[in-house]
Amino acid sequence: MKPFEVNDSSFENEVLKSSVPVLVDFWAVWCGPCKMIAPVVEEIAGEYEGKIKVAKLDVDNNPDTSMRFSIRSIPTLMLFKNGKVVEQIIGAVPKRNLLDKITPHLA
């Protein structure tokens, strides 16, 4: 399963009201580190299908959501559970570091 795109209008339903945890990758087309972490984010989406949803939000096209969650640098990955941010990871980090933050929140 691939990550899916969310935007300012779909964020509430797709992420905040999700019954499973959602990892959101805040990124932009011009961001080098975002491109570096993208394959890792895709791997997690596939390996944890059914336990977690993985979404991508383009910060340039969705300023409202980016401002709402105070995204200052990208890539920023946020894990939402029951509509709340439970983890935040900034920068292109190794997959192991991401999983260490994410897996404790999975059922």
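No value in this document is a laboratory result; all are computed from the given coordinates. All values reported here derive from a predicted model rather than from experimental measurement. When we count neighbours, we look across all protein chains shown, and the Cβ atoms used for this are built from the backbone with ideal geometry, even at glycine.
For the stretch 4-105, averaging the sequence separation of C-alpha pairs within contact (under 8 Å, six or more residues apart) and dividing by the residue count gives a relative contact order of 37 percent. Of all DSSP beta bridges in the chain, what percent run antiparallel (nearest 5)? Looking only at bridges with both residues in the chain, the antiparallel portion is about 55 percent. Cross-link partners for Lys95 among the lysines, with Cα-Cα distance under 25 Å and sequence neighbours closer than 8 places in the same chain left out: Lys2, Lys35, Lys51, Lys53, Lys56, Lys81, Lys84. Net charge near Val20, counting Lys/Arg +1 and Asp/Glu -1 over other residues with Cβ under 15 Å of its Cβ? Neighbour charge sum, excluding Val20 itself: +1. Between Thr65, Val40, Val86, the Cα set farthest toward the positive side of the dipole of the chain (charges on each charged residue's Cβ, about the Cα centre) is that of Val86. With n ≥ 4 as the cut-off for DSSP H runs, can you work out [θ] at 222 nm for the chain, using -39500 (n - 2.57) per run divided by the number of residues, rounded to the nearest 500? Helix-only estimate at 222 nm: -8000 deg cm²/dmol.
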